[in-house]
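Asker: Here it is, the structure, as structure tokens.
Read-outs: derived from the displayed coordinates by stated rules, not from any lab. Not measured: the values here are computed from a predicted model. Don't worry about glycine lacking a Cβ; one is built from the backbone with ideal geometry, like all the others, and counts go over all protein chains shown.
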Amino acid sequence: MWNHQFGKTGNFERRAFTAAIIIGLAGMGIAFAAPHATLPAAKAEETRSVWDGVYTEEQAKRGEPLYYRSCSSCHGDKLQGDESTNSPALTGPDFISDWNGATLDKLFSKIRLTMPRDRPSQVPAQDKIEILAYILSMNKFPAGKPELEQGDGLKEIRFEAKPAKSAGSGD
Ligand code: HEC
């Protein structure tokens, strides 16, 4: 008798509990289904890319004669490369896809540490920065206000084949 009654009570409680869970789950279902609006809005892009005007026109002009002095003998007068010395082009689709997605720091390190290939230490790093500005200009990345500078800032500039869609300058 006692057992039986207890059993009944237990049953009742179990059912009530199950019902509570079902109601609870249904409620949560509504909560999950409803507000996509609570997701964070499209995140703001912090990093800059070569499309954001990361060198000045002046700087690219200074870089041009430096390029001719130290680089064109292998990479060509128009940065087109030279098969006879196995020197790749420094403009165009191959060059751009080689560096697409890398930071400018990587490209600058390549130049700073290994170029000119026959005498890398004989061209000052500051000249190489100006040359990099010239190379960017020859790849039709836009000039801007700040000069390109050596240092950690280069790690925050991405080399991108295409401008980010959010950039809004639809040219
Ligand atoms: C003596 C010939 C020679 C000279 C001078 C020279 N390079 Fe190079 N460069 C090469 C060769 C060969 C390669 C390909 C092998 C390699 O990546 O090391 C190359 C590769 C490069 C690359 C990598 C290209 C890519 O798509 O991966 C860059 C950037 C570059 N050179 C920039 C320069 C700059 C800037 C100068 C002038 C400061 C310069 N080079 C001078 C021979 C030269």
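Asker: For the range 46-171, what is the convex hull volume of the alpha-carbon atoms per residue, in Å³?
Answerer: Given the Cα convex hull of the range 46-171, per-residue volume reads 102 Å³.
Asker: Per-residue HN-Hα couplings for the range 155-161, Karplus 6.51 cos²θ - 1.76 cosθ + 1.60 at θ = phi - 60°, whole Hz, x for Gly and Pro?
Answerer: 6, 9, 10, 8, 8, 10, 5
Asker: A further question follows. Amide H of ILE157 versus every other amide H placed in the peptide plane: which residues, excluding those fewer than 5 positions away on the same chain, fall under 5 Å?
Answerer: LEU104, ASP105
Asker: Which net charge results when you count Lys and Arg as +1 and Asp and Glu as -1 among the other residues whose beta-carbon is under 10 Å from that of LEU104?
Answerer: +2
Asker: ³J(HN,Hα) across the range 76-82 via Karplus (A = 6.51, B = -1.76, C = 1.60, θ = phi - 60°), whole Hz, x for Gly/Pro?
Answerer: x, 5, 10, 6, 7, x, 8
Asker: Could you give me the ³J(HN,Hα) list for the range 134-144, computed from phi with Karplus coefficients 6.51, -1.76, 1.60 and θ = phi - 60°, whole Hz, x at Gly and Pro?
Answerer: 4, 4, 4, 5, 5, 8, 6, 6, x, 7, x
Asker: If amide H atoms are built 1.01 Å from N in the plane of the peptide, which residues on other chains or at least 5 residues away come under 5 Å of the amide H of LEU148?
Answerer: Sorted by chain and number, the residues that satisfy this are THR56.
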